[in-house]
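Input: a single structure, listed below in structure tokens.
Computed from the coordinates by the stated procedures, all read-outs in this text should not be read as laboratory data. Note that the coordinates shown come from a computational prediction; the quantities given were computed from them, not determined experimentally. Neighbour counts are summed over all protein chains in view; Cβ atoms, including those assigned to glycine, are modelled from backbone coordinates with ideal geometry.
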Amino acid sequence: MTPVSVTQGAGPIVLGLPHAGTFVPDDIKVALNENGRKLADTDWHIDRLYDGLIADITTVKANFHRYVIDANRDPTGVGLYPGQNTTTLVPTTDFDGLDIWDTPPTDTQIDARRIAFHAPYHAALSAELSRLQELHGFVILFDCHSIRADIPFLFDGTLPDFNIGTNMGVTCAPEIEAVTTGICNAAAGYTSTVNSRFKGGWTTRYYGQPDSGIHAIQLELAQSSYLHDEATPWTYDHAKANRLRPHLTETLTALANLSPTLGGTS
């Protein structure tokens, strides 16, 4: 299996999907313990949820699982949230703090995974951002994530449905955060927050350079908003998803129409 899949559109938005993949090579799978082989920390069906929301959108999806290597972590191994529980470049535990490996990877093996998986994903993402920035004069990376709403190891209480991250407004123009926040806040029956527990992962922080015309924003969805249950078998709930998808469509459409205020040429 190729490490990354790309679908090209001509619009100014790139959807990043670093955690939707479930592929684990056999030589890595045998090193996982029974808990690790459950792959519980997948952003289950997030690619399906976003599929077909608006026309002419570009998607870049990592096909490999985050237990192989996390495409949303700094390849140097620097942590995202100092002083808080989180998972690393190659996680050693799941989101509940439980071990996932019978045989943890060596530094040499992690380096090999950087080259084989992490680097190709970011090469593809970088290429698409450059292509669309050249076309429009700007580009918006919309990084798509989801997570269980209740994970005491990572955060207190129950997570809101919409968790917007811009690293405290650093990674995108204010209009992008304002539009996204406004739509999420107005979505009836849903809760939302900005730059709370999730401020944007490494991808958002690394690529988000609004002064250079590259804007990045992360949306972390509570999986309870579109899954039947936040547990095996992680079933996609059509009724929940069909209620949620119009709000995502509205958000992406509004962002795509911001080109005049962002200095786009389209």
Through the Karplus equation 6.51 cos²θ - 1.76 cosθ + 1.60, θ set to phi - 60°, convert the phi angles of the range 62-70 into ³J(HN,Hα) values in whole Hz; use x for Gly and Pro.
7, 8, 8, 7, 5, 6, 5, 6, 8
Once both labels are modelled 7 Å past Cα along the beta-carbon direction, what's the D150-T22 spacing in nm?
2.4 nm
Ranking of L141, L262 by count of other Cβ atoms within 10 Å, fewest first
L262, L141
Can you work out the Karplus-derived ³J(HN,Hα) for every residue in the range 137-154? Use 6.51 cos²θ - 1.76 cosθ + 1.60 with θ = phi - 60°, whole Hz, and x for glycine or proline.
x, 7, 8, 10, 8, 10, 8, 9, 9, 8, 7, 4, 6, 10, 9, x, 5, 9
Computed over the chain, Cα set: Rg, Dmax in Å:
17.6, 53
K29: which aspartates and glutamates have alpha carbons under 18 Å from its alpha carbon, excluding same-chain residues fewer than 8 sequence positions away?
D41, D70, D94, D99, D102, D107, D111
Once amide H atoms are placed 1.01 Å from N in the peptide plane, what residues at a sequence separation of 5 or more from L227, or on another chain, have their amide H within under 5 Å of its amide H?
D237
Under the Karplus relation 6.51 cos²θ - 1.76 cosθ + 1.60, θ = phi - 60°, what is the ordered set of whole-Hz ³J(HN,Hα) values for the range 204-212, x standing for Gly and Pro?
4, 6, 6, 8, x, 10, x, 5, 9
Would you pull out the residues with amide H under 5 Å of I54's amide H, same chain only if 5 or more places away, H placed 1.01 Å from N?
none
Inverse of mean 1/r across different Cα pairs in the range 69-217, Kirkwood, Å
16.9 Å
Size of the range 156-266 as Cα extents on the principal axes (Å, biggest first):
43, 28, 23
Can you say what percent of the DSSP beta bridges in the range 4-262, counting only those with both residues inside, are antiparallel? Round to 5.
35 percent
Which of A173, H136, P246 sits farthest toward the positive end of the charge dipole of the chain, with +1 on the Cβ of Lys and Arg and -1 on the Cβ of Asp and Glu?
H136
What does the helix-only formula give at 222 nm for the chain: each DSSP H stretch with n ≥ 4 adding -39500 (n - 2.57), the total divided by the residues, and the result rounded to the nearest 500 deg cm²/dmol?
-8000 deg cm²/dmol
